[in-house]
Each structure stands twice: as structure tokens, then as C-alpha cells.
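Participant: First, the structure itself, so that you have it in front of you.
The values are calculated or read from the model by the stated rules, or taken from the named source; none is laboratory data. Here the structure is a predicted model, which is why all the values come from computation and not from measurement. Here the Cβ positions follow ideal geometry from the backbone for every residue, glycine too, while neighbour counts run over all protein chains shown. For the accessible areas, the whole protein counts, side chains as well, though only heavy atoms, and no ligand, DNA or RNA atoms are used. Shrake-Rupley method; radii C 1.70, N 1.55, O 1.52, S 1.80 Å.
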Amino acid sequence: MPLSVDTWRASVAAEAYGAGAVVGNDISGFADPGYLPAAAAAGASVVATHIRLAPRVADPDPHYDDVVAEVSQFLVERARRARGAGLADDHIVLDAGLDLGKTAEQSRTLLLASDRLAQLGFPLLLSASNKTFLGRILDLDIGERREASIAAHAIGVSLGCRVLRVHDVRAACRVRDVLAAVLAARGDPAKAGQ
């Protein structure tokens, strides 16, 4: 089973790769200059996540003139950096970073723009499970966001997200399977993710 390590530190990623991890999920947008070389040396894949400031730094007033355009530009630049470090395109995954330096409305806008982000040419990861923006939309505490998360997964997959970060694996797999069956029945196996 492929293992992923969630870290923005190159030293932690390198140790995890040495122990068998094959994906590095970095919410800092590759702030550590050794991160991409460590992934390239290990033959690992990376997730480039958009963030406005830095991990664990509060962003009380995130402002974007055009959140989709600015996030897209950031992700394309991070993919370029990953390529420059020697990673192949099929080892680069993009993540819009919902809730990371974004208001609930900005995160919702990015979810609905998943089709545009998927057109950047790299697999798109959706990290919406139990996120704050879902709680704000429906006034739900974190323990009450299961159904909202499942709905976000369905929206994301239908718009081109091909990797999901989830808390309820069984429900996410059912969403995937239902969408694949419906899209395949429509005669569109490419959109079914097959």
C-alpha cells in the first residue's frame, strides 16, 4: 500500500522516504529548499499545496483579486519548481489548499473551480474532508461534517479531482464508485477516472 507523509520539512520527508513512504504532502508549497531534491532522490511523488503565508501561521484577512487565478498561478509555479528538481509530471500532484489562508467563500469558490484547476495538467488532490469552510457554510461543528464532506468529495470528483484526502474512507470510496459507474454508463470512461 503506498504511504504518504504529511510534512513540510525535507529532513522528515527524507526519513519517511527511507522508511517506505512514496508521496510527500507539503502544505508549505515547498518552502524548505531541500524538499524537492529529497523527493527526486527517492523517486517519490509530491503534493504541491497552495498556502498564502506558512503552515501554522494565522491568516486573519486573506485577500485575493481572483482566488482561482492566483491559486492556479501559484500551483503552476510550484509544478515548474518540481520539474526543475527532476520530478516527472506524473509525480506532481496539485492541491488548492482549501481553508489554508482562505475564507469559507474562497474555499467554496476553489472547490467549484476544480475543473479549471484540473486543466493545469496534473492530478488534482481535494482536501475538503471536515474542513472549516464546510462547517461555516452549514454552521456545523467538526464532528458533524461527515455528510458535508461526502458532498464536497462528490462535487470535486465530478469536476476532475482524482485524489481525495478523507477521514471516512468507506464513504469516499462509495462516492468514487457511484460516480465512476454513472459516468461509465453514460459512455464516458475518461471522466469516470478509469
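Participant: Only one of (1) without any contact (Cβ under 8 Å) to a residue 60 or more places away in the chain; (2) touching an Asp or Glu at 6+ places or on another chain (Cβ under 7 Å) is not met by Val47, so which one is it?
Facilitator: Unmet condition: (1).
Participant: Let me confirm something: among Gly160, Gly135, Gly143, which residue is modelled with pLDDT of 90 or more, open to solvent by less than 50 Å² (accessible area, probe 1.4 Å), farther than 27 Å from Ala82 by Cβ and not polar (S, T, N, Q)?
Facilitator: Gly135
Participant: Still on this structure: In the range 1-57, what count of residues is obtained for those that are under 21 Å from Ala128 (Cβ atoms) and of a type in the set (A, V, I, L, M)?
Facilitator: Total meeting the criteria: 8.
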